[in-house]
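Coordinate-derived values only; no laboratory data. Being a predicted model, the structure only gives us computed values, none of them experimental. All Cβ positions, even for glycine, are placed from backbone atoms using ideal geometry, and neighbour counts span all protein chains on display.
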Amino acid sequence: MGLLSFFKGVGEKIFHKDEVAPDPVHAEKVEPVRAQALLDHVKQLGLAYNSLTVKTKGDTVTITGSVKSQEDSEKIALAVGNVEGVQAVDNQLVVDEPTPEGKYYTVKSGDSLSKIAKEVYGDPMKYGIIFEANKPMLKDPDLIYPDQVLRIPQL
């Protein structure tokens with residue numbers, strides 16, 4: 001799947017203050033803690049995978065392992081990337097049943113899921129498709145924030 005870019009300063013706050021941007025002197029000790037926190041975050045969301053390894057180096061996260069579907073791969077990458085302190089995710093997950101990749105959309109100020117659905121699908125009532133495609137990271141269709149990256153599945 002490759003490298004996905006995110007906004008480092010926004011997203012879920014799962015790291016302690018000193019783990020968000022570890023200084024180079026202590027990075028060696030902090031990286032495994034950050035990686036475990038991200039793995040725990042994926043588990044807490046209940047995202048499906050066959051095997052999953054998370055490694056961090058600064059603000060870049062590499063995910064390896066295998067998943068059943070392209071959707072599972074994309075959801076894991078987004079769950080990890082939409083975390084404060086993460087700027088890039090190198091998704092190296094192997095997909096058992098490959099399908100075409102979804103597209104991604106970075107939320108802008110003033111956006112709503114219906115506005116995004118109108119832009120990408122031509123129909124604001126298809127906001128539910130985007131909401132479902134981003135569960136469990138999204139818990140409410142009205143709770144999105146600027147610079148959040150969303151999955152936009154193909155119809």
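Some values worked out for this structure:
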{"item": "Pairs of lysine residues in region 2-97 - Cα separation under 22 Å, sequence separation of 8 or more or cross-chain", "result": "24"}
{"item": "Simple spin-label estimate for Gln36 and Met125 in nanometres, 7 Å along Cα-Cβ", "result": "5.0 nm"}
{"item": "Theoretical gain in end-to-end length, Tyr104 to Gln44 [0.36 nm per residue, Cα-Cα removed]", "result": "19.3 nm"}
{"item": "Fraction of antiparallel bridges per DSSP, the chain only, in percent to nearest 5", "result": "60 percent"}
{"item": "Quotient of Cα Rg and 2.2 N^0.38 Å for the chain, N being how many residues it contains", "result": "1.03"}
{"item": "Extension gain, Thr53 back to Asp140 (0.36 nm per residue minus Cα-Cα distance, nm)", "result": "28.5 nm"}
{"item": "Neighbour-count order for Arg34, Arg151, fewest beta carbons within 10 angstrom listed first", "result": "Arg151, Arg34"}
{"item": "Relative contact order (percent, whole number), the chain, Cα cutoff 8 Å, 6+ residue spacing", "result": "26 percent"}
{"item": "Electrostatic dipole magnitude of region 103-152 [Cβ: Lys, Arg +1; Asp, Glu -1; Cα centre; debye, to 20]", "result": "120 debye"}
{"item": "Fewest-first ranking of Asp123, Asp72, using other Cβ atoms within 10 Å as the exposure measure", "result": "Asp123, Asp72"}
{"item": "Cα gyration tensor category, rounded, prolate or oblate, for region 103-152 with a/c compared to 1.5", "result": "rounded"}
{"item": "Ratio Rg/Rh [Cα only; Rh per Kirkwood] for region 51-135", "result": "1.02"}
{"item": "Packing-based exposure ordering (other Cβ within 10 Å, fewest first) of Thr62, Thr56, Thr99", "result": "Thr99, Thr62, Thr56"}
{"item": "Unit charges at the beta carbon, dipole of region 13-103: most positive-side option, Thr60, Leu39, Val95", "result": "Leu39"}
{"item": "Proximal aspartates and glutamates relative to Lys108, as straight alpha-carbon distance under 18 Å, when same-chain residues fewer than 8 apart are discounted", "result": "Glu12, Glu84, Glu119, Asp140, Asp142, Asp147"}
{"item": "Charge dipole (debye, nearest 20) of region 2-97; +1 at Cβ of Lys and Arg, -1 at Cβ of Asp and Glu", "result": "140 debye"}
{"item": "Dipole axis of the chain (+1 Lys, Arg; -1 Asp, Glu on Cβ), positive-most option in Val10, Val83, Ile144", "result": "Ile144"}
